[in-house]
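Peer 1: Before I ask anything, let me first share the structure, which is written out below as C-alpha cells.
The values are calculated or read from the model by the stated rules, or taken from the named source; none is laboratory data. As the structure is a prediction and not an experimental result, all values here were calculated from the model. For neighbour counting, all protein chains shown are included, and Cβ atoms are generated from backbone atoms with ideal geometry for every residue, glycine included. These area figures cover heavy atoms from the full protein model, side chains too; ligands, DNA and RNA do not enter into them. Shrake-Rupley method; radii C 1.70, N 1.55, O 1.52, S 1.80 Å.
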Amino acid sequence: MTDPVIWGLRRDLHSETLGQEDSLLCDYHDSPASVSIDGPVLFECIRIIDPELDGYHEDEEWEIDVVRCSDCAITSIEEPTYGYEEALVQLSVAVSDDVVSITAPEQNDVTVLEFSSAADGCRPMIVDEQLYEEIGTDDHSLGRWSRVSELLGMDLSEPLQERIESLIEQSPETPFE
C-alpha cells in the first residue's frame with residue numbers, strides 16, 4: 001500500500017515545470033539565490049483543504065509553495081496553518097531543454113520530511129488586497145504562518161513590515177506571542 005500523501009505528491013507534482021535551468025531560486029532571500037539541482041531539492045508543498053481559503057483550488061491538488069536553498073533549509077513545519085495540508089519534501093528535479101521540472105515517477109523519488117494536516121495549526125493570517133499589491137503577487141498561501149514567519153525574518157521595507165504586523169494583530173489566531 002502506498003502512503004496517500006506520497007502518492008498525492010507524486011501524482012500532482014511529477015513533471016511540474018519550475019522554470020529555466022538558471023532561474024530556480026530560493027523563495028526566502030531578499031536578493032535572488034540559486035538553488036542547487038545536483039541532488040534532491042527542498043520544497044514546501046501545500047494542498048488547500050478548506051474551501052473558504054481559496055475557491056480556485058477545489059480540486060485539492062498538491063502544489064509547490066516554496067523552494068528552499070541549502071542556506072534556508074529547515075527540518076520541520078514550525079507554524080502549521082489550519083486549512084492547508086503542508087508537506088516539507090525533497091524531490092528530484094531534472095533539466096530537459098533548459099527547463100527544470102520535477103521528476104517523481106516512483107514512490108522513493110519523494111521524501112516527506114514532515115507533514116501537517118489541514119486540521120492542525122492556527123487559522124490563517126488575514127490577507128488583504130493591499131498586502132498582495134505591496135508584495136507584488138496574488139499568492140494564495142501568504143496567510144500560511146510559516147510563510148508569515150519567514151517574511152518577518154526578511155529585510156522588508158518598513159511599510160510592508162508594518163502592514164504584515166498589522167494583519168497579524170487583526171487575525172483571529174496567531175502562533176506568535
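Peer 1: In whole percent, what relative contact order does the chain give with Cα contacts below 8 Å and a gap of six or more residues?
Peer 2: Answer for the chain is 23 percent.
Peer 1: Compute the FRET efficiency between Ser34 and Glu158 as 1/(1 + (r/R0)^6), taking r as their Cβ-Cβ distance and R0 = 35 Å, and round to the nearest 0.05. All intermediate terms of the calculation are to be shown ahead of the outcome.
Peer 2: Working: r = 28 Å, r/R0 = 0.81.
Calculated value: 0.80.
Peer 1: Using helices alone, I'd like the mean residue ellipticity at 222 nm for the chain: each DSSP H run of four-plus residues gives -39500 (n - 2.57), total over residue count, nearest 500. Please report the intermediate quantities before stating the final value.
Peer 2: Working: 4 runs with 38 residues, N = 177.
Taking each H run of at least 4 residues, the total per residue is -6000 deg cm²/dmol.
Peer 1: Using a 1.4 Å probe over the heavy atoms of the protein chains, calculate the carbon and sulfur portion of the accessible area of the chain as a whole percent. Don't skip to the end; give the middle numbers.
Peer 2: Working: 4110 of 9450 Å².
Solvent-exposed carbon and sulfur of the chain make up 43 percent of the total.
Peer 1: Once the dipole of the chain is set up with Lys and Arg at +1 and Asp and Glu at -1 on Cβ about the Cα centre, which of His14, Leu142, Val100 lies farthest towards its positive end?
Peer 2: Looking along the dipole axis, the top candidate is His14.
Peer 1: Another one. Which value, in Å², gives the accessible area per residue of the chain when a 1.4 Å probe is used on the protein heavy atoms? Show your work: numbers first, answer last.
Peer 2: Details: 9450 Å² over 177 residues.
Averaged over the residues of the chain, the accessible area is 53 Å².
Peer 1: Can you compute the FRET efficiency between Gln170 and Glu61 using 1/(1 + (r/R0)^6), with r the Cβ-Cβ distance and R0 = 22 Å? Round to the nearest 0.05. Present the calculation step by step, with values, prior to reporting the outcome.
Peer 2: Numbers: r = 30 Å, r/R0 = 1.36.
FRET efficiency, Gln170 to Glu61: 0.15.
Peer 1: With charges set only on the Cβ (+1 for Lys and Arg, -1 for Asp and Glu), what does the dipole of the chain come to about its Cα centre, in debye to the nearest 20? Intermediate results must be reported in sequence, preceding the final value.
Peer 2: Details: 8 positive and 43 negative charges, 104 e Å.
Rounded to the nearest 20 debye, it is 500 debye.
Peer 1: Turning to a different aspect of this structure: I'd like the isolated cysteines in the chain, meaning no second cysteine's beta-carbon lies under 4.7 angstrom from theirs.
Peer 2: For the chain, the answer is Cys45, Cys72, Cys122, because their Cβ atoms have no other cysteine Cβ under 4.7 Å.
Peer 1: Now for a separate question. How big is Rg to Rh over the range 18-177, alpha-carbon atoms, Rh as the Kirkwood inverse-mean-distance radius?
Peer 2: Values: Rg = 15.9 Å, Rh = 16.6 Å.
Ratio value, two decimals: 0.96.
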